[in-house]
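Here's the structure, in structure tokens; my notes come after.
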Amino acid sequence: MEFRALGYQHPDVRKLCDEVQQIYTERYGDPDQGPVDESDFAPPSGLFLVVYQDGRALACGGWRVADPAEPGLSAGDAELKRMYVRPDARGRGLARAVLAEVEHRAREAGRTRMILETGTLQPEAIALYRSSGYTDIPGFGYYRNSPLSVCMAKELG
């Protein structure tokens, strides 16, 4: 397993993000509408990782600096985005490995807390985050008032 930091427009990143958007469409009726800009994941204000095995992109996840002007957020916050593992690669611990690596890289970049937004129709994601030490926080961002939204945070200490 190899982690590669790639630009958000890299073909493998785009393919994985298109696949996760399809999952959102299947579960919620629409892709994620929250604003994401490719520059969000450019160091030092973010990073996007892809996991490769035998030359094949299997999973991804990234972080970006969160908006400290958002109520409840602070200048040290990083926001987790686009966590995804291809269906044929699930059950091997890749999601947990990506999450740990994204947290590690954000901590190395000076971030002190990871925040995220996920949906109630993604129970496997919620279970992963809770089992990894994330706790519920008030809503933030594009889906702050959505009844289908779950927001969480973890100190990166």
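FYI, it's all coordinate maths here, none of it is from the lab. Note that the structure is predicted; figures quoted are calculated from it, not measured. Positions of Cβ are generated from backbone atoms using ideal geometry, with glycine treated the same way; all protein chains shown enter the neighbour counts.
Just one residue in the set 93, 119 is in contact with a helix residue (DSSP H, G or I) (Cβ under 9 Å, 6 or more places away or on another chain) and either more than 22 Å from residue 76 (Cβ to Cβ) or of a type in the set (D, E, K, R) (or both); that residue is 119. A residue that is within 17 Å of residue 60 (Cβ to Cβ) and crowded, with 18+ Cβ neighbours inside 10 Å occurs nowhere in region 136-156. From the list 82, 90, the lone residue that is of a type outside the set (Phe, Trp, Tyr) and out of contact with any Cys (no Cβ under 9 Å at 6 or more places or on another chain) is 90. Among residues belonging to region 60-76 that are in contact (Cβ under 8 Å) with a residue 40 or more places away in the chain and assigned to a strand (DSSP E or B), point out the one that is surrounded by the fewest Cβ atoms within 10 Å (Cβ to Cβ). Ranking the qualifying residues of region 60-76, first place goes to 65. Residues that are assigned to a loop (DSSP other than H, G, I, E, B) and crowded, with 18+ Cβ neighbours inside 10 Å within region 11-59 comprise just one, 32.
Total residues in region 110-157 satisfying the condition of being outside any helix (DSSP H, G or I), β-branched (Val, Ile, Thr) and over 16 Å from residue 68 (Cβ atoms): the figure is 4.
So if I check each of 88, 32, 54, which one is among the acidic types (Asp, Glu), free of Cβ contacts under 8 Å to residues at least 24 places away in the same chain, out of contact with any helix residue (DSSP H, G or I) (no Cβ under 7 Å at 6 or more places or on another chain) and closer than 17 Å to residue 18 by Cβ? Within the list 88, 32, 54, the selection yields 88. One residue stands out in region 129-157 among those that are without any contact (Cβ under 8 Å) to a residue 40 or more places away in the chain and of a type in the set (A, V, I, L, M, F, W, C): the one that is farthest from residue 33 (Cα to Cα), namely 152.
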